[in-house]
Amino acid sequence: MSNSLAETLVAVRTARGLSVAALAEASGVSRAMITKVERGAAQPTAVLLGRLAGALGLTLSQLVARAEGSEEPVARRADQPVWTDPATGYVRRAVTPGTGGPLELIEVVLPAGARAGFPAATYAGTHHQVWVLDGALRFHEGAVVHELGAGDCLRLGAPQDCVYENASGQPCRYLVALVRTA
């Protein structure tokens, strides 16, 4: 994790008046792991960052965008924050310019055979859609499984635990569109 992301995590936690213990309680992430992440001593997974961002009232994209510090109205591809999950190898690009707007667009490339799961809290306060651009995606929305191919778009229902799964032998590229509702 970049130092700017670690520093942003500390700044947001502090601005919200949360101790490490309070953030641990709200996110389900151990105090020791939060401390390691904030010091830059641990490379967090997407799931871990998603839990922390959700407990701080942010999406993962908002957390990454704050770390990047851009407020420009145009997000050039070369300047869009890109993050690779160390656990799954999935690559996440924050497409939306700046921070603070209600809409976020995120491009994800999920490698063949990879799975990434997120708790229901990740989806709280958002309207969430997934549009498959290339490949195939198996999306687990609670107990319901959606098989999606290129061009298919899924609107998520009420927040619940979800898993993105690429059961194919090829990478899957999809766009996540989020609108903050809370």
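The values are calculated or read from the model by the stated rules, or taken from the named source; none is laboratory data. Computed from a predicted model, the values in this text were never measured in an experiment. Ideal geometry is used to build each Cβ from the backbone, glycine not excepted, and the neighbour counts take in all protein chains shown. Calculation scope for accessible area: heavy atoms of the full protein, side chains included, ligands and nucleic acids excluded. Shrake-Rupley method; radii C 1.70, N 1.55, O 1.52, S 1.80 Å.
From 176, 145, 163, grab the single residue that is farther than 20 Å from residue 60 by Cβ, part of a strand (DSSP E or B) and not aromatic (Phe, Trp, Tyr).
The conditions single out 145.
For the condition of a type in the set (A, V, I, L, M), within 24 Å of residue 164 (Cβ to Cβ), open to solvent by 40 Å² or more (accessible area, probe 1.4 Å) and assigned to a helix (DSSP H, G or I), what is the one hit in 11, 26, 53, 21?
26
Taking the criterion of being open to solvent by 50 Å² or more (accessible area, probe 1.4 Å), in contact (Cβ under 8 Å) with a residue 24 or more places away in the chain and hydroxyl-bearing (Ser, Thr, Tyr), would at least one residue in segment 158-181 satisfy it?
yes
What pairs can you find where one residue is in segment 12-23 and more than 13 Å from residue 35 (Cβ to Cβ), the other is open to solvent by less than 30 Å² (accessible area, probe 1.4 Å), and their Cβ atoms are less than 8 Å apart, with a gap of 6+ or different chains?
Here the result reads 12/56; 12/58; 12/63; 16/56; 18/56, each pair linking segment 12-23 to a residue that is open to solvent by less than 30 Å² (accessible area, probe 1.4 Å).
Out of the residues in segment 114-134 that are part of a loop (DSSP other than H, G, I, E, B) and open to solvent by less than 40 Å² (accessible area, probe 1.4 Å), which is nearest to residue 48 (Cα to Cα)?
The extreme case among them is 119.
Pairs under 8 Å by beta carbon, first residue within 29 Å of residue 167 (Cα to Cα) and open to solvent by less than 30 Å² (accessible area, probe 1.4 Å) in segment 91-113, partner of a type in the set (Phe, Trp, Tyr) and not in a strand (DSSP E or B), six or more apart or different chains?
These pairs meet every condition: 108/90; 110/90.
Give just the number: which of (1) open to solvent by less than 50 Å² (accessible area, probe 1.4 Å); (2) in contact with a strand residue (DSSP E or B) (Cβ under 6 Å, 6 or more places away or on another chain) does residue 150 not satisfy?
(1)
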